[in-house]
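Note sheet for the following structure.
The values are calculated or read from the model by the stated rules, or taken from the named source; none is laboratory data. Worth saying up front: this structure is predicted, and the values here are computed from it rather than measured. Cβ: placed from backbone, ideal geometry, glycine included. Neighbour counts: every protein chain shown. When the accessible area is computed, the model is the full protein with side chains, heavy atoms only, and any ligands, DNA or RNA have been set aside. Shrake-Rupley method; radii C 1.70, N 1.55, O 1.52, S 1.80 Å.
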Amino acid sequence: MTTVFQAIQSRHRAVRSLAMAVPLLLGSVGAWSAVPGITGNATGSTAAAPTFALVAAPSRLTQPDGSALYSWGYGCASGSSPTFVPFAPGASNGANLGCPTMQVPGPTLIVKEGATVTVTLTNNLPSVAGNTSILFPGFAVTASGGVAGTNTNEAVPCAAGSATCAAVTYTFTATKPGTYAYYSGTQSDLQIDMGLFGAVIVLPAATQSNPNAAGTPVPCKTGPYSLAANAYDHPQTCYDREYLFQWHEMSGPLHSAIESQVSACAAKNGVGCTPASGVVEPYRPNYFMINGRSMPDDMDGSYLAQYPNQPYNGNPHMHPGEVVLMRTIGQGRIQHPFHFHGNHARTIARDGNLLLAATDNAPVSGTLAGGVIQPMNRVAGPLYYTIATTSGQTLDTLFTWTAKGLNWDVYGHAQNVNAAGAGFPQGPTATGNAAVDPFPCYADITGHYTVDSTPPAVFPAFDASGNLTAGSPNYGEYCADHNKPIPVTPPDPAVVATGQWYSGTPYLGIQAATPNPLAPTFAKQVSTGGYAYMWHSHDEREITTNNVFPGGMMMMLIIDPPTAFIDETQ
Amino acid sequence: MSLRHLLTPFAALLALSVSLQAAAQSFLVQCPDVSSTGTGTALHPYAKAAALATRNVPGYPAAVAGNIKCQQVVGTDGYATMADGNQIYMFGFGPGSGLDLLSLGLPGTQTAADFNGAAYVPAGAAGGVPQGSFNSPYFADGLTPDPSYNKNLPTNRNAGIYDPSQLMNWGVLSANQPAPLIAIDEDDELFLTLSNVGMIMRPDLFEQHTIHFHGYPNASSYFDGVPDDSVAIAIAGSMTYYYTAPDAGTYFWHCHITPPEHLQMGMVGQLYVRPRQNRTPASTTVANPSCATMTLSSGAVVQDILCSAPPVPGATATTAPVLYTQPAVPQKFAYNDGDGSTRYDVEYPIQMMGFDPNFHYVGMTFNPEDFAGMKDKYYLLSGRGYPDTVADVTPGAVDASGNPDAQTGTQSTAASDGLARPSQPLPSHIVINRSTGGQTRALLRLSNLSVTELSTLGTIGVPMTVVGWNARMLRDLAGNNLAYNTNSITIGGGESADVILDVSDSAYAACTAAAPCTFFLYSPQLDHLVNDAENFGGMMTEILVQ
């Protein structure tokens, strides 16, 4: 009997955990993220020569199981007042919360191609932690100040109460665009697990163009929350939306052991302390995080006050047909196979190195950093549905989704009128046939309903408050599947369980929301009626938080209907 | 035997518990029996619209058209036999159609006509075999009489099981490792029904199940099988999943309920899509694959960044692309390569998997589960550890009654009711009949569904050529072939790869039926070569060239 009871308790624990998550999420429905970061100190920085004043310090990380995990992280030095992109943290979050003195991951440093970057690091870790440093793999770094270490110059801990600390300075040129990791080069087996890592993003110098159906080059659009129009100086790297995912794990017992050593040393007033050390092998991590947060916290907003040391989230959104740039970094000691539901993604670069075909008979026209236009071989990276997130490696991939080829209308257009969709012509709408189809789908040369269709679809536009001002509700639809009914009889609603990210119908978008079989009180996480896809570690034991499922390395991609505004700042 | 009779009332109890909210059971098997031209009778009102869709493939002869394919699986539990002789408890999927095909290690996917019974006549019409004419004199062990056997109907153990009582009789405790094999052709439509017959050894759980088609391109969230963003089917219910097959490749499938638990416990299966190039008639030149285009937000029209089969370029920008002509004896390919570079003679789907016996013990005994501490100790290829991996299926093995012999035809395990059922039907013994059958190339469809760690597979004696990764041909957007040779390949959970073993080299000419050569496919992570405490086994199999 005891064992049965324990099993039930165990299951209730999981349910409770999910229930606990709901109020948090409900409080911030519509929490999105983009790639928030900083471009340098407000004073002394220029686009060509940005400076960053970082500090390494201890603090605690909030976990959904209620624990506050003692950790170390990089942060912005007090008073450095960095500039935020692509949006500033909300004023309600309080002074300097946008870049606290300790955060995990460390501040995302966003610079321009060719810039001379200067990073100073001050060591505010407890004295038993010893020295610390930063490595910037992929760049030729000049280090000055501090003391010589094994890998680079290191910053020694500031004496307790000392007002002046000797900082170490790293300088490098951001020679090529891309996504890069940075992390501690001192006692890395311990310090990286403790949280000392972050990312550098180098934006390309030249905006690219691609030919339209008439062959005229048109420049790539910069999305409202994008850092740039294209990821590299190459026309096949244009994107509409971007997200940075840093995958890493932590061992709770290891962090507790280190905290005990820090406390013991403090009790002795720092006299006779031995350097911090813990059992780093065998490695038994029990917290698995994306951008410093475990599910469901990662799907909450960025820069929120309830996560004072974890400003970044993991909460991708997109519209059908948009191109999403995924910047993925393996920051942990072990690999976490990142499986993204929904579609494949094309790899465009590894460790900031653009992957191009060795030979190409039909190269595309691209713009070099200096502005010279010339033929460029096409992209050569593989297609993935799972990224291995190799330790220390960055991978940039492009993802998109249109529902093309499903052989049924995911918008459920005809089913809004009657279940069988009777009376509505299936497939692409004939020109001028709007009278018989209230939501026409005119196919462009690629088969989709876009600005290139005849008559053209209206690209959705929004005012400053996020209200739709104009736009076709099925912008980007694949017209061959238009008005086709779903080919199976759905199961009896009495024998199915529905999830909180389920909109209540098999269809995408608000036009499918009525009639909706779900009770009005049902907690729906996707208020737009969008499709949700789980993006998670496929080492499935890692979608747990300290042994409780669900949790850990899990987030949801939301594909919102075309006319729903995606506000990445909330 | 006596335990066997406990099953039916127990199963009825399970069904009853759901019937509090639904009427009795809601099993509903859907396989529209409509020809590709839209003729025939639809089984339900929506089927015909789907079937009427044009299946002719642009650039291909009319004969190269897709079909409606059907398969049924049940969500259940059961037992498997590890290579050290120990039995292990599983949550798993069992067959709900194609029982003979699956017990011989073949895909259970069939045309609608075969699924519904060849002599199928619509309900209400006279003279036909009832819908789902599954009919077997004996249960899976070939000994125990099946009370629902109708001696007036032909024996047919491949038809879909429509009858709810038969679904319970055959489905309970029928879990396979890996789950029933699914194989479809590009341009097919697949109606895949999941019927949840409950997990009789864990009546406390009331678990729902789903099917996640892992890696399926442009998936809809509704058929993606994630319970959080879709629907999951409860005990005594069915859900029919619908998929087209737009891109060839090696995928896989699994349940997505509480993944660290249901996957570790065994709800993982194999799935692949064969390219339409396979159906090219003899002596016909293959239509060149081409990339679709996509419209960017700027209005620009560009090559689809996710293009799965960029054409092989000609010598210059103005010369025609490379084309492949199907010889008089049609060949098989992993992808629509257009140049024959992924051709193979024989294929082996191999799923890399691990079982943690402690977790499985906890899974059977109602104890709290340890996710973070999960550690596999049985390392498996398609559900078996070495040397079981090379225990071949005996094709066509039958018992005294003429039924497929579950004891010698496949690997079976006796469950808690004393009844032996096929549990691990798939050997991984790679046989290349070089001198006897003219075979030179074996395609390994590798997938990894371990939920704990990455695994490496290496070969001794035969180099590997990696032609596909994550169900996509290795080719850049300019059409250059990026396949590479290697002696080892590392795959994480949730990844797949297509590897060709090529023994055309004259060095293998000495390998004959009289003097066969044996090589090895094994994990060079030597701790994976164990069957729990038994220290020689695990993730290894043999490559036989003869």
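Brief remarks follow.
- Scanning region B:457-484 for residues that are open to solvent by 20 Å² or more (accessible area, probe 1.4 Å), closer than 17 Å to B:TYR522 by Cα and of a type outside the set (Gly, Ala, Ser), we see that the one that is modelled with the highest pLDDT is B:THR465.
- Tally of residues being more than 7 Å from every other protein chain (Cβ to nearest Cβ), within 21 Å of A:MET318 (Cβ to Cβ) and open to solvent by 40 Å² or more (accessible area, probe 1.4 Å) across region A:471-502: 2
- Per the conditions (1) open to solvent by 10 Å² or more (accessible area, probe 1.4 Å); (2) modelled with pLDDT under 90, the sole criterion not satisfied by B:ALA406 is (1).
- Every residue from region A:390-405 that is open to solvent by less than 10 Å² (accessible area, probe 1.4 Å) and under 20 Å from B:LEU190 (Cβ atoms): A:ALA403
- Set A:GLY381, A:GLY342, A:GLY366: member being part of a loop (DSSP other than H, G, I, E, B), within 13 Å of another protein chain (Cβ to nearest Cβ) and either open to solvent by 30 Å² or more (accessible area, probe 1.4 Å) or within 22 Å of A:LEU203 (Cβ to Cβ) (or both): A:GLY381
- Of all the residues in region B:456-505, those that are within 14 Å of chain A (Cβ to nearest Cβ), in contact (Cβ under 8 Å) with a residue 60 or more places away in the chain and either among the small types (Gly, Ala, Ser) or on the phi > 0 side of the Ramachandran plot (or both) number 9.
- Residue check for B:SER221: among the polar types (S, T, N, Q) and without any contact (Cβ under 8 Å) to a residue 60 or more places away in the chain: yes
- Any strands (runs of 3 or more DSSP E) falling wholly within region B:189-306 and containing at least 3 residues that are at the interface with another protein chain (Cβ under 10 Å from one of its Cβ atoms): B:189-196, B:212-214, B:231-233, B:238-244, B:249-254, B:293-295, B:301-303
- Of the strands (runs of 3 or more DSSP E) that lie entirely inside region A:144-222, those containing 2 or more residues that are at pLDDT 95 or above and within 14 Å of chain B (Cβ to nearest Cβ) span A:209-211, A:217-219.
- Residues that are buried (at least 23 other Cβ atoms within 10 Å of the Cβ) and more than 12 Å from chain B (Cβ to nearest Cβ) within region A:305-326 comprise A:ASN309, A:GLN310, A:PRO311, A:TYR312, A:ASN313, A:GLY314, A:ASN315, A:PRO316, A:HIS317, A:MET326, listed in sequence order.
- Filter pass, A:ILE566 being hydrophobic (A, V, I, L, M, F, W, C) and within 9 Å of chain B (Cβ to nearest Cβ): no
- A:SER209 passes every criterion in (1) of a type outside the set (Val, Ile, Thr); (2) open to solvent by 20 Å² or more (accessible area, probe 1.4 Å); (3) at positive phi apart from (3).
- When region A:230-248 is limited to residues that are within 13 Å of chain B (Cβ to nearest Cβ) and charged (D, E, K, R), the one that is farthest from the chain's Cα centre (by Cα) turns out to be A:ASP240.
- Any chance A:GLY551 is more than 9 Å from every other protein chain (Cβ to nearest Cβ), under 20 Å from B:ILE257 (Cα atoms) and under 23 Å from the mean Cα position of the chain (by Cα): yes
- The single condition among (1) in a loop (DSSP other than H, G, I, E, B); (2) open to solvent by 30 Å² or more (accessible area, probe 1.4 Å); (3) in contact (Cβ under 8 Å) with a residue 60 or more places away in the chain that B:ALA515 does not satisfy is (3).
- Matching residues in region B:323-370 - criterion: being within 12 Å of another protein chain (Cβ to nearest Cβ), open to solvent by less than 10 Å² (accessible area, probe 1.4 Å) and hydrophobic (A, V, I, L, M, F, W, C): B:PHE359
This table checks each residue for (1) surrounded by fewer than 23 Cβ atoms within 10 Å (Cβ to Cβ); (2) without any contact (Cβ under 8 Å) to a residue 12 or more places away in the chain; (3) on the phi < 0 side of the Ramachandran plot.
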| position | (1), (2), (3) |
| --- | --- |
| B:HIS256 | no, no, yes |
| B:PRO259 | no, no, yes |
| B:HIS262 | no, no, yes |
| B:GLY266 | no, no, no |
| B:PRO281 | yes, no, yes |
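- Remark: pairs (first residue in region A:450-468, within 12 Å of chain B (Cβ to nearest Cβ); second residue open to solvent by 50 Å² or more (accessible area, probe 1.4 Å) and among the aromatic types (Phe, Trp, Tyr); Cβ separation under 9 Å; 6+ apart in sequence or on different chains) = A:THR450/A:PHE459; A:VAL451/A:PHE459; A:PRO460/A:PHE565.
- Of all residues making up region B:290-305, the number that are open to solvent by less than 20 Å² (accessible area, probe 1.4 Å) and modelled with pLDDT under 90: 0
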